[in-house]
Structure formats: structure tokens, C-alpha cells
1. What about Lys152, is it modelled with pLDDT under 70, among the basic types (Lys, Arg) and either surrounded by 10 or more Cβ atoms within 10 Å (Cβ to Cβ) or within 45 Å of the chain's Cα centre (by Cα) (or both)?
2. Among the residues of the range 34-57, write down those that are at pLDDT below 80, under 18 Å from Glu22 (Cα atoms) and surrounded by 10 or more Cβ atoms within 10 Å (Cβ to Cβ).
Amino acid sequence: MDYKYIEQLLDRYFECDTTLQEEQILKAFFAQGTDGMPEHLVQYVPLFSELSQKDTLGSDFDERIIAMTKEQTIVKARVVSLKERLRPLFAAAAMVAIILTLGGAINQSFKQDDVWVDANHYAAIEVAAGDAAVAYEQTADSLALGKDGFKKTMTDSVSTEILN
């Protein structure tokens, strides 16, 4: 037999340049057995005998794949409310508020020149208290307006979600 041709096919096989017919020739050659085969080619017999055994998927391959896909559980969608969608934003806003409050408190604690000790600064305290009262009233009014606007926005968004 022409072992030179088989060696050339092996070289091309390992370079991935063989056709399907040439691979069939190699499988048939190595399936014959090792009688009279040169020793340097005997080492390839297990490779090609293993390949020839694993050529087919089996007649029940399609049924096995379909059975495996039917066994998987079906995942149902969950309705996510607006409150759940906005929860991360609420948490972020709370963290920002805490950081700003602590930063202001720390900044205020480092200011030593704002200490009012004598009676001359008592008038300044009354002015500051009056300003604080005005600021409180304005903040309360703004929050009330914001609350009403938020309620209206929430009812509008819920009604549009229901309609859709």
C-alpha cells in the first residue's frame, strides 16, 4: 500500500485541509488494523477508531433534545409597581440628605466665632429666630404644594397605566 499518500493525508488532516472523502479514506485505512502497518502510523489508530465510533448522534437525538426542553420550568412575568421602581431613587435621596445634614453639622461645629456670649448679641438672636420662623413657613408651604402636585401626578400616572 502507498503509505506516502496516507502520510500526506495525515499532514493535511492535522492542518485542517482535508475533505470529507479524504477523512473517510483515513478512517477506513486505520480501521483495517495494525497488521503490516508501519510503526509511525500505528499511533494514529486509536484516534481514528474513536472518531469512527462517534460519527452519528443516534436516531433518538431529536426526541432527547425535545424532552430536555420540555422539562424546563416556565418563568412568569411579575408586575412591578411604580413604588418598587422608585425605591432605589428614594434610598439615594435619603443618603444624599443624610450626607448633606452631617456635612452641615460638621461644618457648623468647626465654626467657633459664632458663639454668642454677651447681651449685645441678644438682638441678633431674635432676628435669626424671626428669619428661621419665616423660612419654616415658606418651607412648609412649598412642601404642601409639592405634596398636592405629587398626589396629582401619582393619580394621573396610575390612571394612564390602568387605561393602557
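The values are calculated or read from the model by the stated rules, or taken from the named source; none is laboratory data. Worth saying up front: this structure is predicted, and the values here are computed from it rather than measured. Heads up, the Cβs are rebuilt from the backbone with ideal geometry, glycines too, and the neighbour counts pull from every protein chain shown.
1. Here the answer is yes, as Lys152 does meet what is asked.
2. Phe48, Ser49, Leu51, Ser52
Table: residues versus (1) at pLDDT below 70; (2) within 36 Å of the chain's Cα centre (by Cα); (3) not aromatic (Phe, Trp, Tyr).
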position	(1), (2), (3)
Leu82	no, yes, yes
Ala93	no, yes, yes
Ile98	no, yes, yes
Phe110	no, no, no
Thr139	no, no, yes
Ile162	yes, yes, yes
